[in-house]
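What follows is one structure encoded as C-alpha cells, with my remarks underneath.
The values are calculated or read from the model by the stated rules, or taken from the named source; none is laboratory data. Quantities reported herein were computed from a predicted structural model and do not represent experimental measurements. Backbone-built Cβ (ideal geometry, glycine too); neighbour counts: all protein chains shown. For the accessible areas, the whole protein counts, side chains as well, though only heavy atoms, and no ligand, DNA or RNA atoms are used. Shrake-Rupley method; radii C 1.70, N 1.55, O 1.52, S 1.80 Å.
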Amino acid sequence: MDRFRRLPLPVLLPVMFLVAGGAYFVIGLATTGGREGFVGRLVSAVFYAAGLTAVLGVLIARLRRRAGGAAELSRIQRSVKTGSVPPDADPTNWVPSLERLQRQSRRNRWLGPLVFGSATVLAVWLAVTSGPVWWLFVVAFVGFFAWTTFETRRALRTLPVMLADLRGRPLSPTAPDAVPRTTPGARWSLPEQTMTADPSSATGTTTGSEADTAERR
C-alpha cells in the first residue's frame, strides 16, 4: 500500500482509471443483469472512470504539493497510523498537513455515518426489491462504515499528540519564520560618510597653484 501511494501521477492515474472503470462495469452487469447492453455499459464505465480519475488526480496532486511530495505525504499518513512522529520530520510541512487531517477527521465523525448509513439503507431496500446481489453491497457499506469509524477515532486520538510534539520543535532553517528579515533596501544602501578636508592637501593644492601663477608671470 505504501508503494502504491508513492507512485508518480502518470503511473497512478491510469491504474485508478482501470480500477474504477472495471469496478463500475462489473457492478453494472451484476446489478442490471445485462439489460443495458455491453457497449452501453462500457461507454458509461469509461466516462465514469475518466471523471472520477480527474477529480481524484487533482486532489492527490494538491495534497502531495502541500505535504512536500509523494514520499513525504506517505510518511505523514503512515505516522498517523502509528501515532509517532519521525525525528527528522519538518514542522514547516508536517504541521499544516496534520492540521488538515485533523479538520477532515472532525468532519468524518458525522459525514461517515451519514454517507455509509444512507448507502446501507438504500442497499437494503434494493436487496429486498431488486435482487439478492445487493446484500453484498450491504455488507460492503457496513464494512466501510466500521473502518472509517475506527480510522477517524484513531486519528482524533493521535493527531493532537503529534501536533503538540511538532509545535515544540525548532523550525527548519528554511522556514519563513526562521529566516532573518532584512530592512527593504538595506542590501543596496551605503553607510553615510562624512567628507572632511585634509588641511595638508588643501595647503599643498593652494601652494602648487600659486607656484604655477608665479612661473607664468
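Yes/no per residue for (1) closer than 15 Å to P8 by Cβ; (2) open to solvent by less than 30 Å² (accessible area, probe 1.4 Å); (3) not in a helix (DSSP H, G or I):
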| site | (1), (2), (3) |
| --- | --- |
| A54 | no, no, no |
| V58 | no, no, no |
| L63 | yes, no, no |
| I76 | no, yes, no |
| V80 | no, yes, no |
| S84 | no, no, yes |
The number of residues in segment 78-98 that are under 11 Å from the mean Cα position of the chain (by Cα) and under 27 Å from T149 (Cβ atoms) is 4
Reported set for segment 13-41 where residues are under 26 Å from L59 (Cα atoms) and either touching a helix residue (DSSP H, G or I) at 6+ places or on another chain (Cβ under 7 Å) or modelled with pLDDT under 80 (or both) is L13, M16, F17, A20, G21, Y24, F25
Could you list, in sequence order, the residues of segment 119-152 that are small (G, A, S) and over 29 Å from the mean Cα position of the chain (by Cα)? A123, A127, S130, G131
Out of the residues in segment 65-74 that are of a type outside the set (A, V, I, L, M, F, W, C) and either part of a helix (DSSP H, G or I) or in contact (Cβ under 8 Å) with a residue 40 or more places away in the chain (or both), state the one that is least open to solvent (accessible area, probe 1.4 Å). S74
Please tell me if R41 is assigned to a helix (DSSP H, G or I), exposed (fewer than 15 other Cβ atoms within 10 Å of the Cβ) and of a type in the set (D, E, K, R). no
Within segment 115-132, can one find any residue that is touching a residue at least 60 places away in the same chain (Cβ under 8 Å), open to solvent by 40 Å² or more (accessible area, probe 1.4 Å) and not hydrophobic (A, V, I, L, M, F, W, C)? yes
